[in-house]
């Protein structure tokens, strides 16, 4: 058995034994072409590996749990991939939601109570509660500049997949804490403002709900 | 349309990937969003570590690997709802991951083009960061292509099965020989495996070592 075969076998045993199975320590034990060969074989092995049996306890502690929640929100919501994408872009930009909202409000020229409303609408975008079709290019361009994306990429992400039936538990979703940051940073008055009809909309409402 | 029937967690765990996606689609169409949750969990958890570890082979740190894996699994599941056929879900998922990794490197390169490199900014690397580890980037991406090409070159389906079961699978040489049957021996399995790895190595070195 060659060194590469031995390392591959060791890796497969670690992987099948459960746990993290980080391949990098195994790669570190090889060099040159052996290392490349091992990387290619581990990669192909992982791509063929079957789905791991579900464990509720392990799932609850896994980084897969918040990802699954984002996917579920994307499928159930009105904003396509936004629930999966926006929190990640925000994390990449190293911004708390309150910091992002402050920047977004400033770029949109929102002042006073309007800043709270920007916070509400952005929260709804992350939760998949705000339809993409209502959000203007102005908002998406401003948001793209903050999180290092583009309005067109954000628009496209918000459109996927095709709309499903409206969910019946929007209130519950709205109240749910997300990513360690409670929804409490969105004042109740802002929620009430957002429930006004189009005839009562101000500029912020139009930017987030009135379309392009 | 058939009425949606909610399944128990235990029943969901026994479904194939494609059946899980179909179950989620039907739950969504029926407006039963809560019923989608356990199915999404089974699918995401089931592939999460494999995706992260594949990404770790090609990206420079764990955070980036998790970030790209999260994007890939979300994209793969959500796009399976577009109405387009994605074929085998696992294969689709890993294809999306490969694309996202390539996108990650492309975005990195574009960002670097917009800024001066550290070597042009001596003594201030904390501000500018390190230059990309090109060798590391190429390591697994090129190796993956070489493995794929070597697999495509295998003409004998029994030999291909040996590679799938033994080299890329979870079976011992003895188990593989028994599963393939038709006169396959443990020694044959080792020979076929060695020949395959020599071929990949030859491709990695840029030479033609077909025997």
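Simple spin-label estimate for residue B:107 and residue A:24 gives 1.9 nm between the two label positions (7 Å along the Cα-to-Cβ direction from each Cα). Here the residues A:132, A:203, ranked from fewest to most Cβ neighbours within 10 Å of their Cβ, fall in the order A:203, A:132.
For a Förster distance of 60 Å, can you work out the FRET efficiency between the beta-carbons of residue B:145 and residue A:206, rounded to the nearest 0.05?
On the way: r = 50 Å, r/R0 = 0.84.
After rounding, the FRET efficiency stands at 0.75.
Per residue of A:13-24, count partner chain C-beta atoms within 10 Å of its C-beta, then hand back the mean as an integer. Write out the running numbers ahead of the final one.
Working: counts 1, 0, 4, 1, 0, 1, 1, 5, 5, 7, 5, 5.
Counting other chains' Cβ atoms within 10 Å and averaging over A:13-24 gives 3.
For an R0 of 25 angstrom, estimate the FRET efficiency from the Cβ-Cβ distance between residue B:160 and residue B:198 and round to the nearest 0.05. That pair, residue B:160 with residue B:198, gives E of 0.95.
Applying 0.36 nm per residue to the separation of residue A:137 and residue A:196 and subtracting their alpha-carbon distance, the gain on full extension is 19.0 nm.
Gain on full extension, evaluated as 0.36 nm per residue between residue A:13 and residue A:92 minus their Cα-Cα distance, stands at 25.0 nm.
All of the numbers you see were taken from the coordinates with simple rules; none came from a lab. Owing to the predicted nature of the structure, the values given are computational and were not obtained by experimental measurement. A quick note on method: Cβ atoms are made from the backbone with ideal geometry, for glycine too, and the neighbour counts reach across all protein chains shown.
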